Amino acid sequence: MLRKSPFKNRKILIGITGGIAAYKIPQLVRILKKEGAEVQIVLSESAKNFVTPQTLSVLSEKPALSDFFKSNQGDWNNHVHLGLWADLILIAPAGANTLAKMTHGICDNLLMSVILSARCPIFVAPAMDLDMWIHPSTQTNIQTLVDRGVHLIDPEEGSLASGLEGKGRMAEPENIAQFLSAHLAPKPNYFLGKRVLVSAGGTQEAIDPVRYIGNHSSGKMGFAIAEQLIELGADVELVYGAVTIAPPANCHSYQTLSAKAMKAKCDEIFPTCDVLIMAAAVADYHAVDVASEKIKKSDDALTLTLAKNPDILKSLSETKKEHQVLIGFALETEKEEFHALEKLQKKNLDCIVLNSLKNPNAGFAVDTNEVTLYCKDGEQFHIPTQQKDQVAAALLNKLGEWLTKTTT
Ligand code: C5P
């Protein structure tokens, strides 16, 4: 059977910036076109000193663009459409100047505005002289971009256009194609067909018929995880407490307001599940005596006696069968990593996800989050601030890769 190329029908936008390595891009365009990709070239003004738009237009079978306006026709090259059209954007060669502009969001040409409008994965193949490459500003910019999720195609070592020898040559077109191909090739999907129990939201512990002890959890992160799991083909059981949004469709969902009710539902469902993702903010205590009538404000002070709630996650981990995987969440206000790792071990978990409460764009009330995934073998993955659905996708991607590697 003929191999289906991962490039077949994929829309790849190549941004070319000024640098001698630009002369290799026509070769890359030929490789990608041969593999069935649609290629759109956007080049900076200075790139035209090294490679002609005509060559690129002929090879890509599309006009190579560099201006916002098509001067002879009066219409414009819509950068937002170009950014959204692409399945993948590659900047090659990416010079030091372009990397700096990307880091700071400087938008002074068509290519930069396309990059800022893009929602697809972005790859950079840097090319520059060795001292420029190792300069702290370049390295800091690269690190910032990588932290934001940009994929780095490392430059290669060898002779440079300056006559010097060292690291800084753009990766060869064949190697760039291979790197992109590995990204586009379908990945093994750990969660396909798996039965996954997800908990979400906060619990409410009643004091009397109208009042309760609760927390700020909105349920958004747990619901985003459930939604992504449904997309990945998992059979999702969702148990949730108090939330501010509706649960996703296409899964079985149950609302359980108290920790006790949540435990009962989780105890019922967990034995038939492959994975548990416990994202709920379960209250640690409940009122010992729940008043049957509304408590009147008679005295100046009111004393409530609280008793500890059962730890749902810990008690489920004690019944865990060999094939079952348990993932917990941690939310700490001090010594975050230390406490998260302590919980990983004490609750006998496979992984724990630490929320970054110190980041104002992460946590309860907001739609964005930043988390770190700690695995029991010491591996860890940081997921930078993004929308909660993107964090959920990145988290499950890393988790799926780790589980595939460690459980097969
Ligand atoms: O111990 P701590 O509450 O910080 O641990 C957080 C993790 O434990 C979360 O995954 C949470 O859902 C779970 N948990 C639980 N039952 C409790 C308290 C927390 O399952 N009573």
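The table that follows gives values for the structure above.
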{"read-out": "Any hit, the range 75-88, residues being touching a Cys at 6+ places or on another chain (Cβ under 6 Å) and either part of a strand (DSSP E or B) or surrounded by fewer than 14 Cβ atoms within 10 Å (Cβ to Cβ) (or both)", "value": "yes"}
{"read-out": "Among residues of the range 183-211, those that are in a strand (DSSP E or B) and either closer than 21 Å to P271 by Cβ or without any contact (Cβ under 8 Å) to a residue 24 or more places away in the chain (or both), counted", "value": "6"}
{"read-out": "Cross-chain or 6+ apart pairs with Cβ under 7 Å, the range 338-349 first and in the same structural domain as L373 (by TED's automatic domain parsing) and more than 13 Å from L316 (Cα to Cα), then surrounded by 15 or more Cβ atoms within 10 Å (Cβ to Cβ) and charged (D, E, K, R)", "value": "H339/E332; A340/E332; L344/K376"}
{"read-out": "Scope the range 209-239; condition out of contact with any helix residue (DSSP H, G or I) (no Cβ under 6 Å at 6 or more places or on another chain) and closer than 13 Å to N250 by Cα; matching residues", "value": "F223, A226, E227, L229, I230, E231, L232, G233, A234, D235"}
{"read-out": "Pairs, first over 20 Å from T372 (Cβ atoms) in the range 136-152, second small (G, A, S), C-beta under 6 Å, six or more apart", "value": "T138/A96; N141/A100"}
{"read-out": "Qualifying residues in the range 276-305 (those that are more than 13 Å from the ligand (Cβ to nearest atom) and β-branched (V, I, T)) - the one surrounded by the fewest Cβ atoms within 10 Å (Cβ to Cβ)", "value": "T303"}
{"read-out": "Number of positions in the range 362-378 that are modelled with pLDDT of 80 or more and either touching a strand residue (DSSP E or B) at 6+ places or on another chain (Cβ under 8 Å) or within 16 Å of the ligand (Cβ to nearest atom) (or both)", "value": "11"}
{"read-out": "Lone qualifier among E370, E336 - being surrounded by 15 or more Cβ atoms within 10 Å (Cβ to Cβ) and touching a helix residue (DSSP H, G or I) at 6+ places or on another chain (Cβ under 9 Å)", "value": "E370"}
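Results for (1) surrounded by fewer than 21 Cβ atoms within 10 Å (Cβ to Cβ); (2) over 17 Å from I277 (Cα atoms), shown as yes or no for each residue.
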residue: N355; (1), (2): no, no
residue: H382; (1), (2): yes, yes
residue: Q386; (1), (2): yes, yes
residue: A394; (1), (2): yes, no
residue: E401; (1), (2): yes, no
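The values are calculated or read from the model by the stated rules, or taken from the named source; none is laboratory data. Since we're looking at a predicted model, the values are computed, not measured. Quick reminder, even Gly has a Cβ in these numbers, built from the backbone with ideal geometry, and neighbours come from all protein chains shown.
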